[in-house]
Each structure stands twice: as structure tokens, then as C-alpha cells.
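**Student:** Below you'll find the structure I mean.
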Amino acid sequence: MPLTSDPACLLIDGGWTTAEDGRQRAIVNPFDASALALVAEASAVDADRAVRAARAAFDEGSWAHAPAARRAGVLTATADALQEHREELALLETLDTGKTLSESRADVDDATAVLRYYAAPSASDAGRTVETGRPDAISRVVYEPVGVCALITPWNYPLLQICWKLAPALVAGNTVVAKPSELTPMTTIRLFRLLQEQLEQAGAPSGTANLVLGGGAVGAALAEHPEVDLVSFTGGLATGRSVMRAAADTVKKVALELGGKNPNIVFADADLDAAVDFALTAAFLHSGQVCSAGSRLLLHRSLHADFTAELARRADLIRLGNGLEKGTETGPLVSAEHREKVERLLAGALAEGAVLRAGGGRPTEPELQAGFFLRPTVLDSCHAGMTVVREEVFGPVLTVELFDEEDEVVALANDTPYGLAGAVWTQDAGRGERVAARLRLGTVWINDYHPYVPQAEWGGFKQSGTGRELGPSGLREYQETKHIWRTVIPAAQHWFAG
Ligand code: NDP
């Protein structure tokens, strides 16, 4: 794929523009480290222009107060446009992130589904009336948009993550400034081109949706900007903390979707074929670059020998390659720097006593040498004291720990600062429910791994984040709740005698 140049790819106040200082960034295809595109590299100055445009569009009022059906119509039309451009978007996502085309197509479909979910009439909840106990008074609770929302997304699911934020933010009547990861902005740019056409057709004010590209400094400029009312951030824990600190000065609303160190618990009575199969998917989908990756396998001791042997055998068979080619099962890591980070954690784990059962290094095939590949890796004999068990690796590394008792595995699974997601494998329905209830996680799968639907909330307990995306709570993040009390026939009460 030849290098394309798209310097005017910042969307500010309804116009496509270059960075104010003219800077650009080369976007790299992680499959072979080739340059994929040149895009604008924004600065804090561009972020400020975008926020001011979003502020003006919000304060002008016609979008915030538009009938919900009109805003929903923009989402529906954008969802239709995503489907019309499905192959183009999937191709771009694969070139940009390295994931397989089938994963990218699923991402386009999931992004479409979330736009449609928030466009449905049930999403435009007009509020409720409240019993006052007084026949002369009417009390009601209504939902209003928060204002200007900064939407900051990571590199692993670029199209999907921005749609999780954009759909509820816009349907609630907010205006937005989005900032994707500097590493993978391509589908977000394309999405905003499609969205902007729909916003124009709907007569939305020019600064309703804005897009700035660039690195952490641009994200930080948004998080601390006094005219931003809400920051919705998905990314790593350390960055999430700094976003929260930056937002504190002006007491912005903050929604954080952070990392995970997700337990995948297999009891002795599990369906073992399915449990092995899903242990691989949980850990190695998208080379483990998934916030909910099941990177900690907690295995009943009686299963150890057979289960780990089968796991290692199948991990070694996973076909790495070009995401564009049929037969590729998983792609590279996103960048050379990220692979080095994962390799450091891997080396540390081996030094701490982990036993290598599969993978453990870069592939040897000549066609994979230019890209940022790492073999799916299974580490046995791990324990909760190891760095590789405590820190989010965000790569194709699965650690195996053993347990004997139910109480013990619940304690092990919860022994982490994270609380995003995890799974329990057992054919005892009572045990499945019991353990699910005790896990301090935002999502628990019983006899499955990874499924989600837009109508169910997504988010983390503990340091995996604050707030929720998707479902009704995902909309509430972008709404203020207002109580309006009306006394129909006012009468003096003479509380004060004078
Ligand atoms: P980062 O935290 O590095 O970056 C996330 C976003 O924040 C990027 O757009 C990044 O820009 C931007 N950013 C960087 N520094 C700042 C700053 N100081 N202030 C504001 N924004 C900033 O995460 P990654 O992109 O590396 O993504 C991986 C992480 O995302 C993992 O921890 C993963 O678990 C988490 N994640 C969580 C999900 C969830 O639903 N809970 C879903 C998906 C991922 P740039 O990239 O340009 O530096």
C-alpha cells in the first residue's frame, strides 16, 4: 500500500484543516513497518481551537436542544455509512493496527451496532415525574447534555472505541472533541468524514464534532482545558491517573476505561475442550492487545499436566501473519516500542522463575522479520508475586497459576488492583453463579470469554476505571440530571414572621 498524504485531516469548527504549525506524522503499518500515511500532527493550539469550536456549538443551543430523534437520525445515517464503507474501513483498520481482516470487519459491525443502539428511541429517555406529596406541585427529573466532551481513545480498537463514546455523547446533545491514539488514527479520520456529512445534512452547528490528532500532549491539553466539561478516556492506568489529575482543577466529569489483569478460572469439572479453546482466544486474540484479555489462567491443580500441554501445543500452532491474508490467525504488536516493553516483562518473568511452555520470542519466518511480531507465549509455574502476573502486559503472554479450593481461587483472582473482566469455567451452575458474585470485576463470563453487547454496561471495578460505557449507564455518563419543581399555585408560607 503506497504512502498517502492527508495533511488536512483535523476537523475543527466544521472544516478540514492542517495543524496550525504544519507538522505531520507518519503512520506505520505494524505488519512490515512501512509508512502507511502522513497525517496532521496537532498541538495544544489546535486542541484549543477545537475546544472553542465545540464550546460555541454547544452554547449556541440548537444541537443540545434539538429533538432527540434528529440527533438519533445522525447516528443512524452514520451507521448506514459505516456499513456502506465496511470493506474500506476494515482494510484501513487492518493496515493501521495489524489485526486480521475478519476482526476488523467485526469491529466495523460492532461500531455500527453501538451507533444503532444509541439511536433507538429507548435511548432518548425524557426523564420521570416524581411524587411530591402535594397536589399543587409538579416535580420531574430530566436529563440534559453535559456540554463539551473530550473523547480520548487508545490504539487497539480505534474505530470501536470512538463509537462507544461518540454515540451516547452526540445523542445526548453534547458537542465533542475526539483524539485517537497517535499510532492508529486512520479509521477515526474516515469515521469523522462520514459523520460530518451527516451532521451538515442535519443542520448541526459547525463545531458539533471536532477531531484532533497527535500524541499525549494533545490529550493532556484537552484534559486540562477549562472549557471542557467532561473527559471520557480509554487507555492505560498511568495515563488515566494523569487525566484524572488534570481534570481536577476545573472539576470536570471524568469517565475512565483503563486496563485489566483479567483472571480466567478453570475448575476441574469444566468442559475442557471448550475451556482450552477459549483460554487461547482469551489470551491471544489481537496478540493479547485487548483490555479484557484473559492473561491470567487460574487452573485447578488436577488439570495441570493435560491442560497446559494442550494449551502449549495449540499456542505453538497459531499462525502469525499479514492480517490481510486468509489463514492469518493473529497479527503483530502495534509498534517496536510496545514489543520491547512486552519482551522486557517476558524476560523478567523467566528471571523470576516462570517456566516457558510455548512461544517466548520473535517468530523466525523471513516474511515476519520487518514487523513487530511476538509468538504467543505460555508461562507456567507463575505466582501472584511475579511482576508479569501483577502488571498488564498487553501482549501475547499467558501466565498459568494453580489452585486447589474455590475460596483460594476467588482470593487469587481478586488479588490485583484491576477489576475489569474475567471468566469462570465449570459445569456446576451453582458454583458458576457463586464465584461470579464474588469476583470484583465489571464483567464476568461463565463458560465463555469476550462476548459483549451494546445494551450491557462495560467498565471496571477498582483501578480499571470509573463509570461505564454501553448500556443505559453509558448514556448517563454524558448527561446531567436536573430536578425541576413547579408549584402550580404559589402562596406565601410566612416562614419568617416579619
Ligand atoms: P495510553 O494510556 O498510552 O493512551 C491512551 C490515549 O491517551 C491515547 O490517545 C494517548 O495518546 C492519550 N494520552 C497519552 N498521554 C496522555 C495524557 N497525559 N493525557 C491525556 N491523554 C493522553 O494507552 P494505549 O493507547 O497504550 O492503550 C492501551 C491501554 O488501553 C491498555 O492499558 C488497555 O488496557 C487500555 N484499554 C482499556 C479498555 C477498556 O475498555 N477498559 C479498552 C481498550 C484499551 P497517544 O497514543 O497518541 O500517546
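**Student:** For the range 308-370, just say rounded, prolate or oblate: build the C-alpha gyration tensor, square-root its eigenvalues into a ≥ b ≥ c, call rounded for a/c under 1.5, and beyond that prolate if a/b exceeds b/c, oblate if not.
**Tutor:** Oblate.
**Student:** Place a point 7 Å from the Cα of Trp485 along the Cα-to-Cβ direction; which residues of the range 118-159 have their backbone N under 20 Å from it?
**Tutor:** So the set is 127-144.
**Student:** Using θ = phi - 60° and the Karplus curve 6.51 cos²θ - 1.76 cosθ + 1.60, what whole-Hz ³J(HN,Hα) does each residue of the range 367-383 get, with Gly and Pro shown as x?
**Tutor:** Computed from phi, the couplings for the range 367-383 are 6, 9, 6, 6, x, 9, 7, 9, 5, x, 10, 10, 10, 9, 6, 8, 8 Hz.
**Student:** What is the distance in Å between the Cα centres of the range 157-199 and the range 452-491?
**Tutor:** A separation of 21 Å, based on Cα centres.
**Student:** Using only the Cα atoms of the range 355-498, build the gyration tensor, take square roots of its eigenvalues as a ≥ b ≥ c, and label the shape rounded, prolate or oblate: rounded if a/c is under 1.5, else prolate if a/b is larger than b/c, else oblate.
**Tutor:** Note, shape of the range 355-498 comes out prolate.
**Student:** Roll a 1.4 angstrom probe over the protein heavy atoms and tell me the percent of accessible area of the chain that is carbon or sulfur.
**Tutor:** Carbon and sulfur: 54 percent of the exposed surface of the chain.
**Student:** For the range 151-267, what is the convex hull volume of the alpha-carbon atoms per residue, in Å³?
**Tutor:** Residue-normalised Cα hull volume stands at 129 Å³.
**Student:** Now, a different point. Length gain on complete extension for the stretch Thr387 to Val45, per 0.36 nm per residue less the alpha carbon to alpha carbon distance?
**Tutor:** Full-extension gain reported as 119.2 nm.
**Student:** Of the peptides 110-119, 29-38, how do they stack up when ordered by the mean number of other Cβ atoms within 10 Å, highest first?
**Tutor:** Descending packing order for the listed peptides: 110-119, 29-38.
**Student:** Positive end of the charge dipole of the chain (Lys, Arg +1 and Asp, Glu -1 on Cβ, about the Cα centre): tell me which of Ala42, Trp485, Leu183 has its Cα farthest that way.
**Tutor:** Going by the charge dipole, the pick is Trp485.
**Student:** How many angstrom lie between the C-alpha centres of the range 201-265 and the range 93-145?
**Tutor:** So the two Cα centres are separated by 19 Å.
**Student:** Another question, then. Using only the alpha-carbon atoms, what does the chain span along each of its principal axes? Please give whole angstrom values in decreasing order.
**Tutor:** Result for the chain: principal-axis Cα extents of 83, 58, 39 Å.
**Student:** Using DSSP, restrict attention to beta bridges with both residues in the chain and report what percent are antiparallel, rounded to the nearest 5.
**Tutor:** 40 percent
**Student:** If you count the DSSP beta bridges with both ends in the range 279-414, what percent of them are antiparallel, to the nearest 5?
**Tutor:** Here the share of antiparallel DSSP bridges comes out near 25 percent.
**Student:** For the range 113-209, what is the per residue volume of the convex hull drawn over the alpha-carbon atoms, in cubic angstrom?
**Tutor:** Cα convex hull per residue, to the nearest whole number: 129 Å³.
**Student:** Then there is this: Given the convex hull over the Cα atoms of the range 1-63, what projected area results after averaging over all orientations, in nm²?
**Tutor:** 5.3 nm²
**Student:** If you take the charge dipole of the range 11-113 about its Cα centre, with +1 on Lys and Arg Cβ and -1 on Asp and Glu Cβ, which of Leu11, Gln83, Ala113 is farthest toward its positive end?
**Tutor:** Final value for the positive-end residue is Leu11.
**Student:** Here's a follow-up. So between Ala106 and Ile138, what do we pick up on full extension, going 0.36 nm a residue minus the alpha carbon distance?
**Tutor:** Extending this stretch completely gives an extra 6.8 nm.
**Student:** Could you give the accessible area per residue of the chain, probe 1.4 Å, as a whole number in Å²?
**Tutor:** 39 Å²
**Student:** Still on this structure: Treating only the Cβ of Lys, Arg, Asp and Glu as charged (+1, +1, -1, -1), what charge dipole size does the chain show about its Cα centre? Round to the nearest 20 debye.
**Tutor:** I would put it at about 1040 debye.
**Student:** Amide H of Glu20: which non-local residues (sequence gap of 5 or more, or other chain) have their own amide H closer than 5 Å, using H built in the peptide plane?
**Tutor:** When sequence neighbours closer than 5 places are left aside, the close amide H contacts are Ser43, Asp46.
**Student:** Please work out how much length the chain gains when fully extended from Ala33 to Asp404, using 0.36 nm per residue of separation minus the C-alpha to C-alpha distance, in nm with one decimal.
**Tutor:** 129.0 nm
**Student:** Return the sequence-ordered ³J(HN,Hα) values of the range 427-433 in whole Hz as given by the Karplus equation 6.51 cos²θ - 1.76 cosθ + 1.60 applied to θ = phi - 60°, using x for Gly and Pro.
**Tutor:** 9, 8, 4, x, 5, x, 5
**Student:** On to the next question. From the C-alpha gyration tensor of the range 256-326, pull out the three semi-axes of the equivalent ellipsoid (sqrt of 5λ each), sorted largest to smallest, in whole Å.
**Tutor:** 23, 18, 8
**Student:** Can you list residues from other chains, or at least 5 along the same chain, whose modelled amide H is less than 5 Å from the amide H of Glu352?
**Tutor:** Answer set, sorted by chain and number: none.
The values are calculated or read from the model by the stated rules, or taken from the named source; none is laboratory data. Computed from a predicted model, the values in this text were never measured in an experiment. Reconstructed Cβ throughout: ideal geometry from the backbone, glycine too, with neighbour counts over all protein chains shown. With ligands, DNA and RNA removed, areas are computed over all heavy atoms of the protein, side chains included. Shrake-Rupley method; radii C 1.70, N 1.55, O 1.52, S 1.80 Å.
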